[in-house]
1. Working out 0.36 nm times the residue gap between residue 224 and residue 72, then minus their Cα-Cα distance, what length gain in nm do you get to one decimal?
2. Between residue 318 and residue 251, what is the FRET efficiency for a Förster distance of 25 Å, r being their Cβ-Cβ separation, to the nearest 0.05?
3. Take every Cα pair under 8 Å in the chain that's 6+ residues apart, average their separations, divide by the length, and report that relative contact order as a whole percent.
4. Provide the gained length on full extension for the span residue 328 to residue 196, in nm with one decimal, where the gain is 0.36 nm per separating residue minus the Cα-Cα distance.
5. Report, for the chain, the % of DSSP beta bridges that are antiparallel, rounded to 5.
6. Quick one: check the C-alpha center-to-center distance for the stretch 195-218 versus the stretch 77-132, whole angstrom.
7. Counting each DSSP H run of 4 or more residues in the chain as -39500 (n - 2.57), what helix-only mean residue ellipticity at 222 nm follows after dividing by all residues, to the nearest 500 deg cm²/dmol?
8. Rank the residues 19, 97 as a footprinting-exposure proxy: fewest other Cβ atoms within 10 Å of their Cβ go first.
Amino acid sequence: MRDFQAVSAAQALAQRHQYQRIIDVRSPSEYLLDCFPGAVSHCVLDDEQRVRIGTLNKQVSPFEAKRVGAALVARNIAAMLEHGLHDLNRQDKVLVYCWRGGNRSASLGTILARIGYPVEVIEGGYKAYRKAVVEAISARAPALSYKVLVGRTGSGKSLLLQAMAAQGAQVLDLEALARHKGSVLGLAPGDVQPSQKKFESLLWEQLSGFDPARPVHVESESRKIGQCQVPEALIEAMRASPCIDIVADIDTRVALLKAEYPHFMQEGSSLFGRLDALLSLHGHERIDAWKAQAQAGDWDGFVRSLLEEHYDPAYDRSITRNFKRHASAQRQTLSLAQGEMVEQALPVAIRDCATALLALP
């Protein structure tokens, strides 16, 4: 007889702040791909053990798999109680889940409940949680009002979002969630994007925290940010929203991009690999010319040419096609005087522009 309380994924999400501990008992690799917001990993079977039990189930018998698995689960839960969960207080409310709400979560849930902790287990486990998140995003995204920052590459939109957030605005920074700047050069060397599932979990956390009575400021994005796909309900809501066009002259944009991508100026090999991805669009002659500029250290010329010959035409086509209210957009100018040091002038220019954006009706 179980003593824990079963709870739906939707209920668990709605009351997630009431739990003092949220425990993901899946294997570490499952946890890394995505998890319930705020969950900590305490696996009852690690990756190697899970493979072993699965093999026994297929090659020997379900009974043998359960017999061996039960011993492993018992030992892992014992270690968990002695170490990972030793600091749980008697009154702490605990939420537990596994992949489908089966034996793994029931094992820990039953033991914790028998000890005396108030325990809830998600019915349907992580699989039900994923379904609830997808449905919640589809319902929540169209219910919010957006102001979309549009503007050519290098016009400082991401920096402006950060400055607006610092001034108390509601900001949805999709590129920060996706860990990608949304272009061929958008993934920083050594960085890794979240899985699509993790991206959507992070997105749901953001959307659920916004006040519907206030606008949400967001940057114009394509459907894909690197390998992360923006959910349909959100991209459609953004594209139907009023736009604010950030206008920056070419010198300002060159300076901003040089400040934003210093790693490419320090490590040319990673840059050249990214440029090769544009061969089908621009051909060897233009790609080789860009590489020659970079090798010669002509970074101003390289960035200017890349903007004018690649980014600007692509962006102009995309924004005209996808953001129908761009033509009626309000406009705000961001500029740096020629000769100014970016490190000194940029924070002030961004702050002042962000203030002006928030003053717009």
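1. Details: separation 152, 0.36 × 152 = 54.72 nm, distance 4.18 nm.
Here the segment from residue 224 to residue 72 would lengthen by 50.5 nm.
2. Working: r = 24 Å, r/R0 = 0.95.
According to the calculation, E is roughly 0.60.
3. Numbers: 531 pairs, mean separation 63.0, N = 361.
So the answer I get is 17 percent.
4. Working: separation 132, 0.36 × 132 = 47.52 nm, distance 3.34 nm.
The residue 328-residue 196 span can extend by a further 44.2 nm.
5. Working: 2 of 28 bridges.
The answer is about 5 percent antiparallel.
6. The stretch 195-218 and the stretch 77-132 have Cα centres spaced 27 Å from each other.
7. Numbers: 17 runs with 190 residues, N = 361.
When only DSSP H runs of four or more count, the value is -16000 deg cm²/dmol.
8. Details: 19 20, 97 31.
Listing 19, 97 from fewest to most nearby Cβ atoms yields 19, 97.
No value in this document is a laboratory result; all are computed from the given coordinates. These numbers were taken from a predicted model, which means no experiment stands behind them. With ideal geometry, Cβ positions are generated from the backbone for all residues, glycine too; neighbour counts draw on all protein chains shown.
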